[in-house]
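Please read the structure below before turning to the comments.
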Amino acid sequence: MKNISEENYLKAIFILSGKNDQEVFTNDLALYLSNKAASVTDMLKKLAQKKFVSYKKYSGVTLTEQGKKKAIDIVRKHRLWEFFLVNQLGFTWDEIHEVAEQLEHIQSDLLIERLDAYLRFPQSDPHGDPIPNRNGKFKQTNSKALAELAERSNAIVFTVTDKPDLLRYLSKIGIALGTKVKVLEKIPFDNSLLLQLNGKNKIQVSADIAKHIKVQL
């Protein structure tokens with residue numbers, strides 16, 4: 001498939017469908033892709049004709065096996081390129097998403113296999129998201145949102161939502177993958193959290209930010 005727009009749609013549907021492959025609705029897809037609902041509908045019809053999705057008007061859309069395989073392949077390329085950009089070229093984790101968005105559409109399977117081998121088969125990208133292997137399999141992990149932790153809980157930052165503004169802010173306050181966090185207090189008024197980082201600095205984060213940070217206990 002050489003159509004970049006089609007690939008972007010397949011990847012978006014895969015991400016929005018979550019682990020349970022739930023239906024994705026047109027308005028949600030339009031919001032995610034910053035596109036008009038009518039344009040989304042037109043693209044879904046094209047993808048359905050190519051057997052990449054199952055779609056009916058006024059209903060949700062799901063990926064077919066063929067579509068899911070292609071979507072996972074795009075996700076794999078995106079996350080491998082993100083790993084490369086940070087670990088080989090010195091990009092910061094908030095700088096890489098848009099560059100990887102361009103690189104993920106390279107069609108050479110041989111290049112991606114050699115890139116994977118060169119990087120020694122990484123299992124997660126710089127944001128902690130799992131990188132599927134060449135067979136499309138993801139490493140299974142158990143994590144939960146920081147916002148869900150009870151007071152006095154200890155955890156390690158495992159995954160962070162790939163949003164540049166959020167990533168820059170987390171870097172500023174000292175939160176990265178692998179950071180040890182302890183929930184000192186949950187403030188009832190706004191559900192914000194008072195945290196201790198690596199047994200030292202104390203910071204307060206909003207409930208919204210805490211929802212975008214996943215941790216392992």
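Would you point out which residue out of 32, 58 is within 29 Å of residue 172 (Cβ to Cβ) and modelled with pLDDT under 95?
Details: 58 fails: within 29 Å of residue 172 (Cβ to Cβ).
None of the other options fit; the residue is 32.
Filter the range 89-100 down to residues that are without any contact (Cβ under 8 Å) to a residue 24 or more places away in the chain and of a type outside the set (Gly, Ala, Ser) and give me whichever is surrounded by the fewest Cβ atoms within 10 Å (Cβ to Cβ).
98
Any idea which residue in the range 106-137 is farthest from the chain's Cα centre (by Cα), counting only those that are closer than 29 Å to residue 212 by Cα and touching a residue at least 60 places away in the same chain (Cβ under 8 Å)?
Ranking the candidates gives 136 first.
Among the listed residues 71, 117, which satisfies the condition of being part of a helix (DSSP H, G or I) and farther than 29 Å from residue 27 by Cα?
One residue alone meets the criteria, 117.
If I ask for residues that are of a type outside the set (Lys, Arg) and modelled with pLDDT under 95, which ones from the range 138-147 would you list? Reasoning before the result, please.
The initial filter retains those residues of the range 138-147 that are of a type outside the set (Lys, Arg), namely 138, 140-143, 145-147.
Selection gives 138, 140, 141, 142, 143.
Just the residues that are modelled with pLDDT of 95 or more, surrounded by fewer than 17 Cβ atoms within 10 Å (Cβ to Cβ), not hydrophobic (A, V, I, L, M, F, W, C) and not in a strand (DSSP E or B), please, taken from the range 166-198.
Within the range 166-198, 168, 169, 171, 172, 174, 178, 198 meet the criteria.
Report yes if residue 60 is closer than 30 Å to residue 160 by Cβ and either buried (at least 16 other Cβ atoms within 10 Å of the Cβ) or in contact with a Gly (Cβ under 9 Å, 6 or more places away or on another chain) (or both), otherwise no. Don't jump to the end; show me each part of the working.
On the way: closer than 30 Å to residue 160 by Cβ: yes; either buried (at least 16 other Cβ atoms within 10 Å of the Cβ) or in contact with a Gly (Cβ under 9 Å, 6 or more places away or on another chain) (or both): yes.
The answer is yes for residue 60.
Starting from the range 199-217, keep only residues that are in contact (Cβ under 8 Å) with a residue 12 or more places away in the chain, then list their pairs with residues that are of a type in the set (Ser, Thr, Tyr) and surrounded by 13 or more Cβ atoms within 10 Å (Cβ to Cβ) whose Cβ atoms are within a distance under 6 Å, requiring at least 6 positions of separation or different chains.
204/192; 206/192; 207/192; 212/161; 214/143; 214/159; 216/143
The values are calculated or read from the model by the stated rules, or taken from the named source; none is laboratory data. This structure is a prediction, so every number in the text was calculated from the model and none was measured. So basically every Cβ, Gly included, is an ideal-geometry build from the backbone, and we count neighbours across all protein chains shown.
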